[in-house]
Amino acid sequence: MKDRVSIDLTDGVADVRLIRADKMNALDPAMFEGIIEAGDMLASMKGLRAVVLSGEGRAFCAGLDMASFAAMKAEGDAVPGVRDLTKRTHGIANRPQQCAWLWRTLPVPVVAAVHGVAFGGGFQIALGADIRYAAPDARFSVMEIKWGLVPDLAGTQLMRHLAREDVVRELTFTGRIFDAKEAQQLGFVTRVVDDPRVAALETARGIAAKSPDAVRAAKRLLNLAVASDAASGLMAESVEQQKLIGAPNQLEAVAANLQKRAANFRD
């Protein structure tokens, strides 16, 4: 975990940072493992009152590491290190989904501070937080369609409670990039601020000063209000993604993007 995620606990606030700055905190097998390990540590951390999640360097998280696509094909994995997406490894979630879903299931509030880009899996991880602050120049995308895939890090279950259904569908079908102002208008960003990490830490400290019993109870109630059979939704993500990965059109999507040419898909 230490070469991918750092945790610093001060006065009840855990400052959690993705620290693969040279790769814009892209998701490789070690990053997946590091995030899940960090979640496990936070879940059992004594004195924890709130969490701030951010990324070092130029971005929050650029999504799946491009080098991982080649490894996935060579190893026959659904995602790096995972053969069967339908296997539930963390309650109702599989291992990749846990990277985003764990922030929702932590007993304390999580504030994400987004700068640079939050693309694909990075966007879904940010959506797992209870609150999201974004820099004015931050950019977002449900980018999986570019690679012939669907969002499957709990994105379908998280997006549907934040934005209108038609908005979620448009972004998922097109993969278009949108800015922080639009993200706030659509419901994905809580506030646009010049320094999201500073603002997130300030909010987290304010939460940490409140009754921890009341804060934890509030999160349980709010999670319950939007739960509406999330288990079925997460499984549906895994089933659809499992069928897509490695199929001819998905491989063509990857090849076309890497070769910077138009894709030749077949029905």
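At 0.36 nm per residue, minus the direct Cα-Cα distance, what do Phe178 and Ala255 gain on full extension? Give it in nm, one decimal, please. Walk me through the intermediate numbers first.
On the way: separation 77, 0.36 × 77 = 27.72 nm, distance 2.45 nm.
Full extension from Phe178 to Ala255 adds 25.3 nm.
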Next item on the list: Might you report the magnitude of the Cβ-based charge dipole of the range 1-159 about its Cα centre, with Lys and Arg at +1 and Asp and Glu at -1, to the nearest 20 debye?
Entry: 220 debye
Checklist line | Separation of the Thr89 and Val198 label points, Cα + 7 Å toward Cβ, nm | finding: 3.9 nm
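Placing unit charges on C-beta atoms (Lys and Arg positive, Asp and Glu negative, everything else neutral), compute the dipole magnitude of the range 134-235 about its Cα centre in debye, rounded to 20.
On the way: 14 positive and 13 negative charges, 60 e Å.
So the magnitude is around 280 debye.
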Check: Could you give the length gained on full extension between Arg205 and Leu221, defined as 0.36 nm per residue of separation minus the Cα-Cα distance, in nm?
Finding: 3.6 nm
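Based only on other Cβ atoms within 10 Å, what is the fewest-to-most ordering of Met235, Met143, Met31?
Numbers: Met235 18, Met143 24, Met31 27.
Final ranking by Cβ density, sparse to dense: Met235, Met143, Met31.
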Checklist line | Helix 196-208 axis, angle to the chain major axis (alpha carbon atoms, nearest 10°) | finding: 50 degrees
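To the nearest 20 debye, what is the magnitude of the charge dipole of the range 196-246 about its Cα centre, counting +1 on the Cβ of each Lys and Arg and -1 on the Cβ of each Asp and Glu?
That gives a dipole near 300 debye.
May I ask you to sort Asp179, Asp229, Asp65, Asp267 by Cβ crowding, counting other Cβ atoms within 10 Å and putting the fewest first? Working shown, then result.
On the way: Asp179 16, Asp229 10, Asp65 21, Asp267 3.
Result, fewest neighbours first: Asp267, Asp229, Asp179, Asp65.
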Item checked: Integer Hz, Karplus 6.51/-1.76/1.60 couplings in order for the range 257-263, x for Gly and Pro -> 5, 5, 8, 6, 9, 6, 7
Margin query: As a quick test, which of the pairs Lys23/Lys219; Lys23/Lys260; Lys2/Lys87; Lys87/Lys181 have an alpha carbon distance above 30 angstrom in this structure?
Written below: Lys23/Lys219; Lys87/Lys181
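None of the figures in this text is laboratory data; all of them are computed from the coordinates on show. Bear in mind that the values here come from a model prediction, so they are computed numbers and not experimental data. All Cβ positions, even for glycine, are placed from backbone atoms using ideal geometry, and neighbour counts span all protein chains on display.
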